[in-house]
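First the structure, in the form of structure tokens, and then the observations on it.
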Amino acid sequence: MRIAVIALLLAAATLPAQTPCSSTPVYQPCDVDFELTEQEAAQHPNPYLTVELRAEFRAPKGNTYRMAGFWDGGRKFKVRFAPVVEGTWDFRVASNIERFSGKTASFTATAPTTPGFVIPFNVHHFRYSQPDTPHLWMGDTCYRFATIPIDTFRRLIDIRAAQKFNHLRGLVLGDEANAARVFPTPDQILPEHFQAVDERVRYMNQKGITYDLLMAGDQNHLEKLLPNWKHRERYVRYLVARYAAMNITWQGVQEFEEYRNGAALLKEIGDLLKQLDPYRHARSTHTVATSSALAGAGWMDYIVHQSSDPSLFAVERQLYPLPFVNAEFAYEDSGAGKSHAHHVDADTFRHRLWNAAISGQYVTFGNT
């Protein structure tokens with residue numbers, strides 16, 4: 001749901017209560033839109049770097065949630081927020097654009113139409129935000145979901161939703177070539193790419209599918225793309241501002257062990273997610289075998305496996321009081337051919353799927 005408050009922000013310190021976010025269901029994102037003037041845009045030729053914008057939202061019982069805004073191309077900015085309880089919410093804007101700072105407004109959140117976000121629960125399990133609503137994770141993999149033709153993407157989601165899948169993991173930047181287009185330099189970003197991702201995440205969320213967000217690919221991709229922590233911190237802040245109000249989980253980077261210093265990099269990212277994400281979306285990372293080595297760092301709240309070895313899970317389940325998601329126990333060869341050891345025929349895939357699920361792991365499908 002989108003709300004136009006630009007003219008009101010220009011006119012008054014207090015926004016009319018009836019305009020922003022009216023009748024927004026709990027757990028559904030709404031966008032508060034802002035637009036720079038020509039003069040402000042001239043003062044900020046790269047707004048991704050220099051414009052600061054955030055809003056503090058106050059719930060009916062006084063709890064507060066702070067959400068940063070994000071640049072959406074041209075002179076446009078947004079603050080994206082999802083209320084978590086019914087009732088009247090107030091918010092106040094802060095910005096280094098003086099015209100925006102100090103503006104206030106209110107809106108009403110209505111009854112939820114979805115069970116909410118995915119939360120680790122009861123040691124090895126998940127549930128939704130709504131109490132007593134269990135979540136049985138069943139995932140699919142489409143690394144290139146952000147760049148495949150939109151009709152192909154929608155057909156995939158329609159089929160998976162009909163088959164009762166409720167997760168899809170994919171690279172938010174696409175492959176390395178596309179990521180280089182999104183980040184032509186570490187200090188520049190292509191908002192149009194994320195606008196397309198927004199549309200796809202909204203579509204899968206509408207179908208009851210949670211997006212497992214991978215920030216970058218394997219082989220040290222994120223550090224090559226964004227070589228210092230300041231670059232990566234800005235990127236993580238942008239992702240939180242843009243996607244935390246949606247139904248997602250954080251799944252770090254692809255195969256963190258292939259990074260030069262993957263544990264330290266994920267610690268930085270994970271700690272920042274804990275600080276910035278007011279919805280506390282589930283956090284982990286993809287792996288070559290198991291992400292359990294990172295469990296003691298304090299930021300991760302579910303473990304990802306990439307293994308068909310039942311003894312790995314049998315041991316780790318006793319050691320780590322966290323849910324386990326097996327993201328790659330096998331890829332089913334559906335006709336493309338086998339190029340890796342874990343690419344197997346359909347019968348072998350079904351046996352591995354059964355072994356993973358019956359032992360207590362949540363599972364994610366993949367094919368060749």
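The values are calculated or read from the model by the stated rules, or taken from the named source; none is laboratory data. None of the values given here were measured: they were computed from a predicted structure. Here the Cβ positions follow ideal geometry from the backbone for every residue, glycine too, while neighbour counts run over all protein chains shown. These area figures cover heavy atoms from the full protein model, side chains too; ligands, DNA and RNA do not enter into them. Shrake-Rupley method; radii C 1.70, N 1.55, O 1.52, S 1.80 Å.
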- request: Would you please state the base-10 log of I(q)/I(0) at q = 0.13, 0.14 1/Å for the chain, with intensities from the Debye formula using one equal scatterer on every alpha carbon?
  value: -1.07, -1.23
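Using a cut-off of 14 Å between beta-carbons, work out the net charge of the residues near R75 (Lys and Arg +1, Asp and Glu -1, R75 not included).
Here the count lands on -2.
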Cross-link table K78/K207; K61/K164; K61/K207, entries beyond 26 Å C-alpha to C-alpha: K61/K164; K61/K207
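Taking 25 Å as R0, compute the FRET efficiency from the Cβ-Cβ separation of S101 and R234 and round it to 0.05.
The computed FRET efficiency comes out at 0.75.
For the stretch 264-358, report the convex hull volume of the alpha-carbon atoms normalised per residue, in Å³, without decimals.
125
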message: Please report the antiparallel percentage of the DSSP beta bridges confined to the chain, to the nearest 5.
response: 55
query: In whole Hz, what ³J(HN,Hα) sequence does the stretch 47-59 give by Karplus (6.51, -1.76, 1.60; θ = phi - 60°), x for Gly and Pro?
result: x, 4, 8, 10, 8, 10, 8, 7, 9, 10, 9, 10, 6
- request: Report the label-to-label distance for H44 and E192 in nanometres (one decimal), using points 7 Å from each Cα along the Cα→Cβ vector.
  value: 2.2
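For every other residue with a beta carbon closer than 12 angstrom to the beta carbon of V172, add +1 if it is Lys or Arg and -1 if Asp or Glu, then tell me the sum.
Within the 12 Å Cβ shell, the charges total +1.
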statement: Simple spin-label estimate for Q275/I148, 7 Å along Cα→Cβ, in nm, reads 3.7
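Enter the mean projected area of the convex hull around the alpha-carbon atoms of the stretch 43-147, in nm², rounded to one decimal.
For the stretch 43-147, the mean projected area of the Cα convex hull comes to 10.2 nm².
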statement: Amide H contacts under 5 Å for K103, restricted to residues at least 5 apart in sequence or on another chain and with H modeled in the peptide plane, are V93
field: In Å², nearest 10: area of K274 left accessible to a 1.4 Å probe
entry: 70
query: Among Y331, A282, Y302, whose Cα lies farthest out toward the positive end of the dipole of the stretch 227-354, if unit charges sit on the beta carbon of Lys, Arg (+1) and Asp, Glu (-1)?
result: A282
message: Please report the carbon-and-sulfur percent of the accessible area for the chain; probe 1.4 Å, protein heavy atoms only, DNA, RNA and ligands left out.
response: 52
